[in-house]
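Engineer: Dumping the structure here so I can ask a few things about it.
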Amino acid sequence: MRRGVEIGLMVVAIAVVTFFAVARERVSQAVLPSTYSTYDSGPNGYRALYAVLSAQGVPVSRNERELGVLDPQVRTLVESSVSPELATNGRLPAAPLNDHDVAVLRRFLHGGGRLVVLDDDFGGEGDASVGLPGSHAAVHLTGATAVAGSGMLPGVAAVAGPIAALFPLAIPKATPLLAAGGATVALAYPFGKGEVIAISAPALFGNAHLATADNARFAYDLLAGRGPVAFDERPHGYAVDRSFWDALPQPARLAFWIVCAIVGLALIGANVRFAPPIPLEPPDERDSSAYVRAMASLLRRARSARAAIGAFADDAARRARRHPELSAANADRLAELARLREIVRPDDAQLIRAATLDAHLRKDLS
């Protein structure tokens, strides 16, 4: 039964190794989703925008902490959509803004901050809480023109890129910035002492479209010249306060539980008795008899029985010379040893007899 448990553990181990090999092959061949993050170098990512702003001397940073502890020096906060992560279940866990985050954003705006929101779906409760109007989906729009008279976009004539949603054309208190298809693509909206800028085409700032038309100039006009800028990376999963377990990808967590299962099976196999115990073989403790048998076997193979009898006879003769007055029994033993010594090919019985006689003489003549 114990052997069956060991075979089962081996099968599980082979299955784990196979699983990791297949998972690694799939990961190496998978195309990771591109997200609206400044860390992303894919078509949707804002890594190029971040590099352009840095190169132009704009004090830009990434926020990876709770919004409640946002650096107070930040005057412009950029919140980008998490739609790619939610749609494709990307490599990092997406974490959309919650009610607490919306309350923090309201305080940020009341303090005079500027909030730039890039999303393709406005109209939720959080959007309404910061004064943003709802949007509706748009199709087959690949560009927008700057609205004359806004005064906020010097040098911007038109932008190019996919437009996923549109705002109504006339919104109270809102200043249109970009227009397309008879509706608004980007607008500025006052909130408290601050300002909200809503852009319904987040792809305009993406790596794939930043260099087209006046997209880069549009981004620069919105973000530069108003103090430090921060891109909020927490919604995209880049959070410094995540635990080690949260930071592990799903395959690593699964591997951890598989290892725990293997260890559990090993502990069960080592401690739970499934059959009667197998007695251990006695330890190999040799005594003088083992030496005697080994020497006897060696002498037998070497045909040294006559030499051994001669050694016994010589030993008995030396002892007899030290004791000139021998008893009749010892004299007979000595004489018998002499006769055994004369045999040309003694057998085992004669060898043992010679050893026995010498032992008696050693005992009596010691």
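No lab work stands behind these numbers, since they all come straight from the coordinates. Quick caveat: nothing in here was measured; it's all calculated off a predicted structure. FYI the Cβ positions are ideal-geometry reconstructions off the backbone, even for glycines, and counts take in every protein chain you see.
Engineer: Report, by chain and number, residues whose modeled amide H sits under 5 Å from the one on Ser81, excluding near sequence neighbours (fewer than 5 apart, same chain).
Structural biologist: Answer set, sorted by chain and number: Leu118.
Engineer: Ok, one more. So how much slack lies between Ala103 and Gln56, counting 0.36 nm per residue of separation and subtracting their Cα-Cα distance, in nm?
Structural biologist: Separation in residues times 0.36 nm, less the Cα-Cα distance, equals 13.7 nm.
Engineer: Mind listing the Cα extents of segment 131-263 along all three principal axes, in Å, largest one first?
Structural biologist: 70, 37, 28
Engineer: Based on the alpha-carbon set only, what is the convex hull volume of segment 289-364 divided per residue, in Å³?
Structural biologist: 83 Å³
Engineer: Could you give me the ³J(HN,Hα) list for segment 180-194, computed from phi with Karplus coefficients 6.51, -1.76, 1.60 and θ = phi - 60°, whole Hz, x at Gly and Pro?
Structural biologist: 6, x, x, 9, 9, 9, 9, 8, 10, 9, x, 8, x, 8, x
Engineer: Moving to a separate point now. Run the dipole for segment 34-239 about the Cα centre, Lys and Arg Cβ at +1, Asp and Glu Cβ at -1, nothing else charged, and hand back the magnitude in debye, nearest 20.
Structural biologist: Values: 13 positive and 18 negative charges, 103 e Å.
Value, rounded to 20: 500 debye.
Engineer: Sort segment 34-239 into rounded, prolate or oblate with this rule: let a ≥ b ≥ c be the square roots of the eigenvalues of the Cα gyration tensor; rounded if a/c is under 1.5, and if a/c is not under 1.5, prolate when a/b is larger than b/c, oblate otherwise.
Structural biologist: The shape class here is rounded.
Engineer: What ranking of Phe122, Phe19 emerges when the number of other C-beta atoms within 10 Å of each C-beta is taken as an exposure proxy, fewest first?
Structural biologist: Arranged by neighbour count, lowest to highest, Phe122, Phe19 become Phe19, Phe122.
Engineer: Quick one: net charge of Arg319's neighbours, Cβ under 14 Å, K/R +1, D/E -1?
Structural biologist: +1
Engineer: Between Arg217 and Asp284, what is the spin-label point distance in nm, taking each point 7 Å from the Cα along the Cα→C-beta axis?
Structural biologist: For the pair Arg217/Asp284, the computed spacing is 9.2 nm.
Engineer: Hey, another quick one. Only Lys, Arg, Asp and Glu count, each charged at its Cβ (+1, +1, -1, -1), so figure out the dipole size of segment 289-364 about its Cα centre, rounded to 20 debye.
Structural biologist: 300 debye
Engineer: Along the positive direction of the dipole of segment 289-364 (beta-carbon charges: Lys, Arg +1; Asp, Glu -1; about the Cα centre), which of Ser297, Leu337, Ala313 reaches farthest?
Structural biologist: Ranked along the dipole, the leading option is Ser297.
Engineer: How big is the dipole moment of segment 101-198 about its Cα centre under a simple scheme where the beta carbon of each Lys and Arg is +1, that of each Asp and Glu is -1, and everything else is neutral? Debye, nearest 20, please.
Structural biologist: Roughly 380 debye for segment 101-198.
Engineer: Still on this model: How would you rank Leu351, Leu178, going from fewest to most other Cβ atoms within 10 Å of each one's own Cβ? Mind dumping the intermediate values first?
Structural biologist: Values: Leu351 21, Leu178 25.
Neighbour counts put them in this order, fewest first: Leu351, Leu178.
Engineer: Right, another one. Would you calculate the separation in nanometres between label points at Val12 and Ala128, each defined as 7 Å from the Cα along the Cα-to-beta-carbon direction?
Structural biologist: It is 5.3 nm.
Engineer: What is the local net charge at Arg362, summed over the other residues whose Cβ is closer than 10 Å to its Cβ (Lys, Arg +1; Asp, Glu -1)? Before the final figure, lay out the partial values.
Structural biologist: Details: positive: Arg319, Lys363; negative: Asp315, Asp358, Asp364.
That sum, taken over residues with Cβ under 10 Å, equals -1.
Engineer: Just want the ordering: Glu195, Glu342, Glu285, Glu336, from fewest to most Cβ atoms lying within 10 Å of their own Cβ.
Structural biologist: Ascending number of Cβ neighbours within 10 Å: Glu285, Glu342, Glu336, Glu195.
Engineer: Moving to a separate point now. Can you tell me the FRET efficiency between Asp332 and Ala302 if r is taken as the Cβ-Cβ distance and R0 is 30 Å, rounded to the nearest 0.05?
Structural biologist: Efficiency, from the Cβ-Cβ distance: 0.50.
Engineer: What FRET efficiency comes out for the pair Tyr291/Leu254, r = Cβ-Cβ distance, R0 = 56 Å, nearest 0.05?
Structural biologist: 0.35
Engineer: Note the full-extension length gain between Asp348 and Arg318 as 0.36 nm times their separation in residues minus their Cα-Cα distance, in nm to one decimal.
Structural biologist: Length gained, Asp348 through Arg318: 8.4 nm.
Engineer: Take His140 and Ala311, extend 7 Å from each Cα along the Cα→Cβ direction, and tell me the distance between the two endpoints in nm.
Structural biologist: Placing both labels 7 Å beyond Cα along the Cβ direction yields 11.4 nm.
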